[in-house]
Amino acid sequence: MPDLVKILVINGPNLNMLGTREPKIYGADTLADMETRCRAICDAEGASLGWMQTNGEAEMVTTIQQASGKFDWIVINAAGLTHSSVPLRDALALFPGRKIEVHLSNIHKREPFRHHSMSSAVVDGVVLGFGGMSYVMAIKGVIDMARESR
Ligand code: DQA
């Protein structure tokens with residue numbers, strides 16, 4: 001049976017350090033914990049999940065370019081690049097599928113330089129402030145929408 005939906009989750013700089021990175025802000029879960037949770041949901045629902053993390057802007061841009069035609073949705077936590085990267089914004093804008101921006105923390109409650117996202121204007125939706133649950137909510141939302149549009 002074909003996959004219900006193909007989702008690629010892209011994680012940006014320093015998210016490989018979750019678990020030990022500023023746990024008061026980002027919680028105690030590791031990125032591997034989030035992947036395990038998301039993968040369990042996708043497996044149960046018949047969706048396929050790609051998952052990657054990179055500390056590099058160029059690798060992130062290339063990954064988004066190469067996702068074209070292979071994935072229906074991108075779920076992206078671009079981490080610090082969210083606030084600065086025009087190349088990332090441009091890559092997301094040309095991805096033909098749909099996109100959700102995710103953040104663990106509520107960026108609007110934090111330092112002023114985090115309040116602006118370069119990518120929010122080119123994605124379909126944003127989930128933020130729920131810690132690791134932000135990823136779960138994004139994945140569940142994508143799956144629900146895929147089911148509705150069948
Ligand atoms: C983050 C928020 C960003 O401001 C920060 O640079 C991160 C993580 C989040 O998930 O809350 O690395 O994207």
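What are the residues in region 30-46 that are over 16 Å from the mean Cα position of the chain (by Cα) and either on the phi < 0 side of the Ramachandran plot or among the charged types (D, E, K, R) (or both), if any?
Residues satisfying the conditions are A40, D43, A44, E45.
In this structure, does A91 turn out to be without any contact (Cβ under 8 Å) to a residue 40 or more places away in the chain, assigned to a helix (DSSP H, G or I), over 19 Å from F130 (Cα atoms) and open to solvent by less than 30 Å² (accessible area, probe 1.4 Å)?
yes
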Within region 19-48, residues being open to solvent by less than 60 Å² (accessible area, probe 1.4 Å), assigned to a loop (DSSP other than H, G, I, E, B) and modelled with pLDDT under 95 number 4
What are the pairs with Cβ atoms under 9 angstrom where one residue, in region 96-120, is farther than 21 Å from E35 by Cβ and the other, located anywhere, is modelled with pLDDT under 95 and hydrophobic (A, V, I, L, M, F, W, C)? Sequence gap at least six, or different chains. R110/I25
Could you figure out which of (1) of a type outside the set (A, V, I, L, M); (2) part of a helix (DSSP H, G or I); (3) over 15 Å from the mean Cα position of the chain (by Cα) isn't true of K70? (2)
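The values are calculated or read from the model by the stated rules, or taken from the named source; none is laboratory data. Just so you know, these numbers come straight off a predicted model, no measurement behind them. FYI the Cβ positions are ideal-geometry reconstructions off the backbone, even for glycines, and counts take in every protein chain you see. Keep in mind that these areas ignore ligands, DNA and RNA; they rest on the heavy atoms of the full protein, side chains included. Shrake-Rupley method; radii C 1.70, N 1.55, O 1.52, S 1.80 Å.
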